[in-house]
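What follows draws every value from the coordinates through simple rules; no lab data is involved. What you see is a predicted model, and the numbers here were worked out from it, not measured in a lab. Every residue, glycine among them, receives a Cβ derived from its backbone with ideal geometry; neighbour counts consider all protein chains shown.
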């Protein structure tokens, strides 16, 4: 079932973008206001990282331990970014989420950022598919 659904049909097409020079405090505010687990970090139109809730927690803890300001997104973002191709299937995306323990991933078309996909988006795809074509229950 999931191998027939395309990531591009379930992704967020205009994700909120963060800048590496943004403060961690401002990035956390964006995540909270938008109900996001993470957001792509873009510099001059190029994807340079992902900033997640965990990255925000690290920044807050470091600031508390060292009694300093909370820092910049560039200091805490993940630079090694797993990316989903917009032509990937929802099944491939689900497998990547489970392998990498991420809650959201950027979606690219070649080198261009075209969206973002979360685990919740995959669950919505499963739910929508189940409503249109109920699955048989099988036990393991």
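Of the residues making up region 8-20, those that are farther than 20 Å from residue 80 by Cβ, in contact with a strand residue (DSSP E or B) (Cβ under 8 Å, 6 or more places away or on another chain) and touching a residue at least 40 places away in the same chain (Cβ under 8 Å) are 8, 10, 11, 12, 13, 14.
Against the list (1) surrounded by fewer than 19 Cβ atoms within 10 Å (Cβ to Cβ); (2) closer than 18 Å to residue 30 by Cβ, the condition residue 118 fails is (1).
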